[in-house]
Amino acid sequence: NNNNKTILVTGCAGFIGSNFVPYFLDKYKNYNLVNLDLLTYAGNLENLKECETNPNYKFIKGDICNRELVEFIFNEYDISGVIHFAAESHVDNSIKNPGVFVQTNVNGTFTLIDVAYKYWMSKPFSYKDKYKNSRFHHISTDEVYGTLSEDPNDLFTEKTPYAPNSPYSASKASSDMIIRAYNETYGLNTVITNCSNNYGPKQHDEKLIPTIIRNALKQNPIPIYGDGKNIRDWLYVLDHCKGIDLVYHNGKTGDTYNIGGRNERTNLQIVDRICEILDKEVPKPNFSYKSLVTFVEDRAGHDRRYAIDASKLENELGWKADENFDSGIIKTIEWYLNKYGINK
Ligand code: NAD
């Protein structure tokens with residue numbers, strides 16, 4: 001649609017972006033979305049099938065590190081906003097192969113924001129109007145803050161110092177710093193969201209919850225790292241998308257917002273709950289899915305606990321998670337049963 005503003009969304013053939021795009025297109029008819037995705041092993045266009053015929057949606061296959069391509073997209077589509085999801089996202093891969101994390105997450109983010117800055121600066125905006133006419137929203141993780149003690153009052157806030165421990169979180173922390181600098185130095189209209197662990201439909205097989213469900217359904221061993229007591233703060237992916245929507249539209253320029261649903265669970269609690277649900281939904285005689293749990297050697301440098309204090313987003317922008325862990329995980333399991341063609 002020619003009268004619409006056009007937002008460049010990156011990495012939306014992946015898990016979170018492919019939940020975000022249909023939600024956003026459905027809610028706002030006054031935006032066009034251009035999705036730039038390299039379709040690495042983590043990207044899958046099947047995830048966006050429902051959007052293919054939407055006239056406000058366009059897919060471009062390419063690398064966010066490709067400056068000429070990114071410049072072409074800004075000029076061709078007169079991009080006025082960016083919502084930047086594209087990243088290498090799997091901690092285990094970053095331990096084996098950190099180089100591509102620095103390339104995509106650091107250099108790719110730099111390329112995008114530098115092109116955005118130069119493009120928007122070339123426009124005849126007054127300094128004040130620039131904030132109204134353009135916005136760069138960077139999607140990041142709570143892992144940049146490092147690890148927490150097991151004291152339940154110990155929570156990540158927007159003021160927690162950065163202390164990333166894995167090559168993945170270090171690359172995301174670096175990209176957050178680049179965004180910050182473009183706001184501080186050049187006055188670019190930026191926002192950052194740091195979210196806790198997501199789960200839901202369309203997540204890549206490599207991640208914890210899809211791994212649990214897939215192995216359980218095949219009755220294969222379910223691998224759990226170390227003692228299974230590492231704690232993550234789980235958020236249903238659509239609640240993350242709704243938080244992004246609020247911050248993109250109403251977040252304060254230059255600010256960071258933490259997103260998390262106050263749903264701390266150990267990995268063992270996660271696997272137990274999923275197995276309980278499967279025991280009910282897909283029962284096998286004289287068998288509990290829990291018997292498949294197998295402890296494996298811990299991940300190197302495995303952070304013990306992450307938990308988010310989302311008060312800023314709740315109080316300033318009125319965000320609240322719609323799903324608790326139980327309602328979200330039931331929806332997620334339903335989606336995977338459907339994917340694997342399993343009738344209850
Ligand atoms: P994902 O791995 O499922 O998807 C990443 C997407 O980016 C894929 O489609 C991939 O093809 C694309 N991509 C990778 N390198 C690219 C490049 N060089 N150029 C263009 N596209 C490229 O990741 P996700 O789980 O959807 O995460 C999206 C964002 O959210 C990431 O920035 C991640 O750091 C952040 N995040 C994720 C979580 C989580 O729990 N999954 C939590 C907080 C923040």
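Derivation of every value follows stated rules applied to the coordinates shown; laboratory data play no part. Predicted, not measured: the structure shown is a model, and the values here were computed from it. A quick note on method: Cβ atoms are made from the backbone with ideal geometry, for glycine too, and the neighbour counts reach across all protein chains shown.
Details
- Here the contact order of the chain, divided by its residue count and restricted to Cα pairs under 8 Å and six or more residues apart, works out to 17 percent.
- Fluctuation leader among Gly318, Gly11, Gly328 - the chain, Gaussian network, Cα springs under 10 angstrom: Gly318
- Top positive-direction residue, dipole computed over the chain with Cβ charges, set Pro283, Ile60, Ile213: Ile60
- Just so you know, the averaged projected area of the alpha carbon convex hull for the stretch 78-233 sits at 11.6 nm².
- Sorted fewest first by neighbouring Cβ atoms within 10 angstrom, Ile113, Ile244 come out as Ile113, Ile244.
- Packing-based exposure ordering (other Cβ within 10 Å, fewest first) of Thr253, Thr53: Thr53, Thr253
- Counting Lys and Arg as +1 and Asp and Glu as -1 over every other residue whose Cβ lies under 14 Å from the Cβ of Arg232, the net charge comes to +2.
- P(r) tail fraction, the chain - alpha-carbon pairs more than 25 Å apart, %: 52
- Inter-label distance for Ala181 and Lys96, nm, one decimal - labels placed 7 Å from Cα along Cα-to-Cβ: 3.2
- Normalised per residue, the volume of the convex hull around the Cα set of the stretch 249-302 (Å³): 149
- FRET E, pair Glu316, Asp279, Förster distance 41 Å, beta-carbon r, rounded to 0.05: 0.45
- Cα gyration tensor category, rounded, prolate or oblate, for the stretch 202-244 with a/c compared to 1.5: oblate
- Computed from Cα positions, the angle between helix 167-186 and the longest principal axis of the chain comes to roughly 20 degrees.
- Helix axis angle, 67-77 relative to the chain longest principal axis, alpha carbon, degrees: 70
- Sparsely packed loop sites in the stretch 1-95 (the chymotrypsin sites (Phe, Trp or Tyr not before Pro) outside DSSP H, G, I, E and B with at most 13 other Cβ atoms within 10 Å) comprise Tyr41.
- Mean ellipticity per residue at 222 nm, deg cm²/dmol - from DSSP H runs of n ≥ 4 across the chain, formula -39500 (n - 2.57): -12000 deg cm²/dmol
- Fully extended contour minus Cα-Cα distance, from Lys229 to Ala163, at 0.36 nm per residue: 21.6 nm
- Zero-based 5 Å bins, Cα pair distances in the stretch 77-124, whole percents: 5, 19, 23, 18, 13, 10, 7, 4, 1, 0
- A Cβ-based charge dipole, computed about the Cα centre of the chain with Lys and Arg at +1 and Asp and Glu at -1, lands at about 560 debye.
- In terms of surrounding Cβ atoms within a 10 Å radius of their Cβ, Asp255, Asp245 rank from fewest to most as Asp255, Asp245.
- Using bins of 10 Å that start at zero, the share of Cα-Cα pairs per bin across the stretch 4-95 amounts to 17, 52, 27, 4, 0, in whole %.
- One decimal place: the segment Asp326-His249 gains 24.8 nm when fully extended, by the rule 0.36 nm per residue minus the C-alpha distance.
- Crossing angle, helix 267-281 versus the chain [Cα axis fit, 0-90 degrees, rounded to tens]: 70
- Label separation (Ser291 vs Phe125): 6.2 nm, computed from points 7 Å beyond Cα along the C-beta direction.
- Taking 0.36 nm per residue of separation and subtracting the Cα-Cα distance, full extension of the segment from Ile60 to Glu334 would add 95.5 nm.
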